[in-house]
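First comes the structure, then the notes that go with it.
The values are calculated or read from the model by the stated rules, or taken from the named source; none is laboratory data. For clarity, every value in this text was computed on a predicted model and none was experimentally measured. Neighbour counts are summed over all protein chains in view; Cβ atoms, including those assigned to glycine, are modelled from backbone coordinates with ideal geometry.
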Amino acid sequence: MSDPSPSPQSWHATTIVMVRKDGRTVIGGDGQVSIGQTIIKGNAKKVRRLAKGDVIGGFAGATADAFTLFERLEAKLEQYPSQLIRACVELAKDWRTDRYLRRLEAMMLVADKDAGLVLTGTGDVLEPEMTTNGSVMGIGSGGNYALAAGRALLSTELDAEAIARRALEIAAEICVYTNRNLVIESIP
């Protein structure tokens, strides 16, 4: 017999997209935080600068968990300055092996002038596939919608920021956990 009590409501909240095109990298995200079918906040800032502005990152998942990961990544970036990939690999190792970190429910997109990466709780550090037009990666509830829209827009005349903005707007039209309150950061 199944348990009749409802499972705890999970937090939904995010569409984060990263676009790399013509030497520019952009990470953008929406501002909606929801629990169940209720919007709790509409202007959360899920995209921010790290490492004295040289790195940008966006998170999807539980907010407290994401802040913990941002703090840990900042520490790794201090330990390995100007080495985003190494800092992310070291964070992923900790994330997989540390009992506390293993329970964190979040994903991150991070980028600097040289690389753009996805970090997951399973220890993955993935670099999006580059095409002749650039690359796109999306995470969160509306991440796949933004990813599809971004990929379709890569071959247009739009620059990286315009693609990210439009991809997020399209995701907001489809995903009920995504709104149009956007934060966009870029690295030339």
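What to note about this one:
- Scanning the range 136-166 for residues that are within 11 Å of Val26 (Cα to Cα) and either surrounded by 19 or more Cβ atoms within 10 Å (Cβ to Cβ) or out of contact with any strand residue (DSSP E or B) (no Cβ under 6 Å at 6 or more places or on another chain) (or both) yields a count of 8.
- Here Glu169, Glu129 are screened, and the one residue that is surrounded by 15 or more Cβ atoms within 10 Å (Cβ to Cβ), of a type in the set (D, E, K, R) and farther than 22 Å from Arg72 by Cβ is Glu169.
- Among the residues of the range 48-65, those identified as out of contact with any Ser or Thr (no Cβ under 9 Å at 6 or more places or on another chain) and surrounded by 15 or more Cβ atoms within 10 Å (Cβ to Cβ) are Arg48, Leu50, Val55, Gly57, Thr63, Asp65.
- Unmet requirement for Glu78, which otherwise passes all of (1) modelled with pLDDT of 95 or more; (2) among the acidic types (Asp, Glu); (3) surrounded by 16 or more Cβ atoms within 10 Å (Cβ to Cβ): (3)
- Tally of residues being assigned to a helix (DSSP H, G or I) and aromatic (Phe, Trp, Tyr) across the range 70-99: 2
- Selected residue (criterion: modelled with the lowest pLDDT) from residues of the range 25-68 that are hydroxyl-bearing (Ser, Thr, Tyr) and assigned to a strand (DSSP E or B): Ser34
- Single match in Trp95, Trp11 (criterion: of a type outside the set (Val, Ile, Thr), surrounded by 21 or more Cβ atoms within 10 Å (Cβ to Cβ) and modelled with pLDDT under 85): Trp95
- Unique match (being in contact with a helix residue (DSSP H, G or I) (Cβ under 6 Å, 6 or more places away or on another chain), touching a residue at least 40 places away in the same chain (Cβ under 8 Å) and not aliphatic (A, V, I, L, M)) among Gly150, Gly143: Gly150
- Boolean, Asn181 is assigned to a loop (DSSP other than H, G, I, E, B) and in contact with a Leu (Cβ under 8 Å, 6 or more places away or on another chain): no
- Meets criteria (among the small types (Gly, Ala, Ser), touching a Pro at 6+ places or on another chain (Cβ under 9 Å) and crowded, with 18+ Cβ neighbours inside 10 Å) for Ala111: no
- Note on the range 71-117: residues that are free of Cβ contacts under 8 Å to residues at least 24 places away in the same chain and among the hydrophobic types (A, V, I, L, M, F, W, C) total 2.
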